[in-house]
Amino acid sequence: GQSLEQPSEVTAVEGAIVQINCTYQTSGFYGLSWYQQHDGGAPTFLSYNGLDGLEETGRFSSFLSRSDSYGYLLLQELQMKDSASYFCAVLRSARQLTFGSGTQLTVLP
Amino acid sequence: DAGVIQSPRHEVTEMGQEVTLRCKPISGHNSLFWYRQTMMRGLELLIYFNNNVPIDDSGMPEDRFSAKMPNASFSTLKIQPSEPRDSAVYFCASSFDLGGNTEAFFGQGTRLTVV
């Protein structure tokens, strides 16, 4: 089978840095993606890691270690608008995209 | 492009009725996904099509659920008969798979309530 584990909730203050971890267990692993979802909205793509290492996109960075089956999303200079759910998602070699259970991030003033 | 278009946005139906959800993917995309989202189970992958062919339907919960993709611009997810436990938000997503990063674009979802 396959599984993805990420914390259910994270709270931080404006301007802070927060890291959301994701561990996965799956066959046919191809890459790890991160998506953001605001309440009542659709998930939107943030980043993708196909190779080990860090990918940076503005205030957001994502990391992957294939040997550890582990990745994280790093959010810097947190803003109130970053309050949302964040999902890691495994892309498998047959091209299915399977999501974790999501991490609810609350940014406090 | 208008993005992934789903209809209806909201659906309320009685138990036992047939429900059909519709999805128009982004033009040129060759992969289409149907997901179901609930508080208890999160975002579940129901079925995945590539070039209009169902590749993985292992997430379809029961025989009551069926999905079709008759052409590259249209897909349906049907529930017959519907049950209260089918109440959820159903998302359709599409992507252009070129062998690397697969950024999936999601529709706004259909909120289904079965009473």
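Bear in mind that the values in this text are calculations on the coordinates, not laboratory data. Computed from a prediction, not measured in an experiment: that's the story for all the values here. Cβ sites come from the backbone with ideal geometry, for glycine too, and all protein chains shown count toward neighbours.
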Review point. Can you list the aspartates and glutamates whose alpha carbon sits under 18 Å from that of A:LYS81, skipping same-chain ones fewer than 8 residues off?
Key: A:GLU9, A:GLU14, A:ASP39
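Per residue of B:34-46, how many C-beta atoms from partner chains lie within 10 Å of its own C-beta, taken as a mean?
3
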Review point. What is the percent of Cα-Cα separations in chain B that go past 19 Å?
Key: 40
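Mean separation of Cα pairs under 8 Å and 6+ residues apart, divided by the residue count of chain A: what relative contact order is that in percent?
Details: 280 pairs, mean separation 39.7, N = 109.
Relative contact order, chain A: 36 percent.
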Study note, to complete from the structure: The simple spin-label model distance between A:SER3 and A:GLU77, using points 7 Å out along Cα→Cβ, in nm, is 3.9
Review point. Within a Cβ distance under 15 Å of A:GLY40, other residues only, what is the Lys/Arg minus Asp/Glu net charge?
Key: +2
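Under the definition of partner shielding as Cβ atoms of other protein chains within 10 Å of a residue Cβ, what is the mean value for peptide A:86-99? Please report the intermediate quantities before stating the final value.
On the way: counts 0, 2, 0, 4, 0, 6, 3, 0, 4, 11, 11, 11, 8, 7.
Mean number of neighbouring Cβ atoms from other chains: 5.
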**Study point:** For residues of A:36-48, the mean tally of beta carbons on other chains within 10 Å
**Key:** 4
Review point. Once label points are set 7 Å from the Cα along Cα→Cβ at both B:GLU44 and A:GLU55, what is their separation, rounded to one decimal in nm?
Key: 2.8
